[in-house]
Amino acid sequence: MAFQDSSAALNPMSTIGRQLREPFVQRGMSTRKATDAATRALRDVGLPDPVRVQRSHPGALSGGQRQRICLALALACRTTVLVADEPTTALDVITQASVIELLRSHTGAAGGPAMLFITHDIAVAAQLCDEIAVLDRGELVERGPAQRIVHHPEHRATADLVTAAHHRRRPTGVKPAPHCVRSSHRSPANVRVHTASA
C-alpha cells in the first residue's frame, strides 16, 4: 500500500535500506542479496544514488523521494493489487507528474500488479485508470470506464468532480471520492472495485 503521507508510512528511526530489505529477507534472501534487490528497486523507481538513499533516514529525504521509496516498498512485496491512497496529494506538480508516470509504468501490465487508486482528483484518476468508481458519502454513485465517466458523468457528485478538475479546486460541501482500478486484465469482469471511506 502507498499512503498519502509518506513520512508517516516509513519508520523515522530506521534507515531506508533496512526497511526496503525487509520484504526481500522475508522471501528468504540473504542480507547481501536483499541489499542488491533494494538497490535495483530504488533505481526502478527513478531514485539516483540508491546507496546513499539506503543509508538515509526518511527525514533526510524530500517528500517526492519518500513517496518513490514507499512505491518501491509496495512493489517489493509482490502484491497482486497495489493500493495507492492519495499518493500524489502532498506533492508539488512536477513530482506529482513523475509519481503518476511511475505508477502507470509499474501497474496494469501483464504480470504486474493491478492498482486501486484512491483520490479526490478525478483528472489524475482519468490519467491512470481504466475504470473509475465514484463514492459520495461512502455510497457508490457511479462506476464505468474512465473516459466515459470524465466526458459524460451521470451523477451530480461525478459532475462536480469534473467541474472542480476544470477549475483546479474541490467543490465546496461535496466530498465525493473517485476510486479507480488499473487492471492487468482489460475485461471489466476481472476488475473489482473496493469501496472505502475517503
Would you call GLY46 over 23 Å from ASP130 (Cα atoms) and open to solvent by less than 60 Å² (accessible area, probe 1.4 Å)? yes
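May I ask you to verify whether ALA34 is free of Cβ contacts under 8 Å to residues at least 24 places away in the same chain and open to solvent by less than 20 Å² (accessible area, probe 1.4 Å)?
yes
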Tell me which residues, restricted to the range 92-117, are of a type in the set (D, E, K, R), in a helix (DSSP H, G or I) and in contact (Cβ under 8 Å) with a residue 24 or more places away in the chain. ARG104
Tell me whether the range 11-34 contains one or more residues that are of a type in the set (S, T, N, Q) and in contact with a Gly (Cβ under 9 Å, 6 or more places away or on another chain). no
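So that you can scan it fast, the table gives a plain yes or no per residue for (1) at pLDDT 55 or above; (2) open to solvent by less than 10 Å² (accessible area, probe 1.4 Å); (3) of a type in the set (Val, Ile, Thr):
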site: ALA126; (1), (2), (3): yes, no, no
site: HIS151; (1), (2), (3): yes, no, no
site: VAL174; (1), (2), (3): no, no, yes
site: ARG192; (1), (2), (3): no, no, no
Might you check whether a residue that is closer than 19 Å to ARG66 by Cα and out of contact with any strand residue (DSSP E or B) (no Cβ under 7 Å at 6 or more places or on another chain) occurs anywhere in the range 118-138? no
Give me the residue from the range 72-91 that is in a loop (DSSP other than H, G, I, E, B) and of a type in the set (D, E, K, R) and, out of that set, most open to solvent (accessible area, probe 1.4 Å). ARG78
For the range 38-76, which positions are closer than 21 Å to VAL25 by Cβ and hydroxyl-bearing (Ser, Thr, Tyr)? THR39, SER56
So how many residues does the range 47-64 have that are part of a helix (DSSP H, G or I) and over 18 Å from ALA8 (Cα atoms)? 4
Can you name the condition, by its number, that VAL141 falls short on among (1) open to solvent by 10 Å² or more (accessible area, probe 1.4 Å); (2) farther than 22 Å from ASP5 by Cα; (3) touching a residue at least 40 places away in the same chain (Cβ under 8 Å); (4) part of a strand (DSSP E or B)? (3)
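The values are calculated or read from the model by the stated rules, or taken from the named source; none is laboratory data. The model shown is predicted, which means the values in this text are computed figures rather than measured ones. Heads up, the Cβs are rebuilt from the backbone with ideal geometry, glycines too, and the neighbour counts pull from every protein chain shown. SASA here: full protein model, heavy atoms, side chains in, ligands and nucleic acids out. Shrake-Rupley method; radii C 1.70, N 1.55, O 1.52, S 1.80 Å.
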